[in-house]
1. Through the Karplus equation 6.51 cos²θ - 1.76 cosθ + 1.60, θ set to phi - 60°, convert the phi angles of the stretch 39-52 into ³J(HN,Hα) values in whole Hz; use x for Gly and Pro.
2. Once you have all Cα-Cα distances for the stretch 21-61, histogram them in 5 Å bins from zero and send the whole-percent values.
3. Which three numbers, in whole Å and largest first, are the semi-axes of the equivalent ellipsoid of the chain derived from its Cα gyration tensor as √(5λ)?
4. Work out which trypsin sites (Lys or Arg not before Pro) in the chain are exposed loop sites (DSSP not H, G, I, E or B, at most 15 other Cβ within 10 Å) and give the longest gap free of them.
5. Only Cα pairs under 8 Å and at least 6 apart count here; give the relative contact order of the chain as a rounded whole percent.
Amino acid sequence: MLDKKEIYKIIGKNIQNARKAKGLTQEEFAELMDKSWSYIAKLEIGMQNFSIGKLIDIANYLNIELEELLKLS
């Protein structure tokens, strides 16, 4: 069973992969979301907590389904 830290890391990696697939740098993505670069960096390495609402926002900004971010395998 995965613990919370592992889940944050997996979701962070999913965010990173989706961002890169869209050809965005962390800085560009941060600007789109009106967040700091460090927020995005921490998010992608699993060191930033987030709400389900924030994940929905991220999925919308990346134009992907929420389920893509929530894949744990």
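1. Here the 3J(HN,Hα) series is 4, 5, 4, 5, 4, 6, 9, x, 9, 10, 5, 8, 9, 5 Hz.
2. 6, 23, 34, 31, 6
3. They are 18, 13, 11 Å, listed from largest to smallest.
4. Maximal segment without exposed cleavage sites: 23-70.
5. That works out to 42 percent.
Read-outs: derived from the displayed coordinates by stated rules, not from any lab. The shown structure was predicted, so the numbers you read here are calculated from the model rather than taken from an experiment. So basically every Cβ, Gly included, is an ideal-geometry build from the backbone, and we count neighbours across all protein chains shown.
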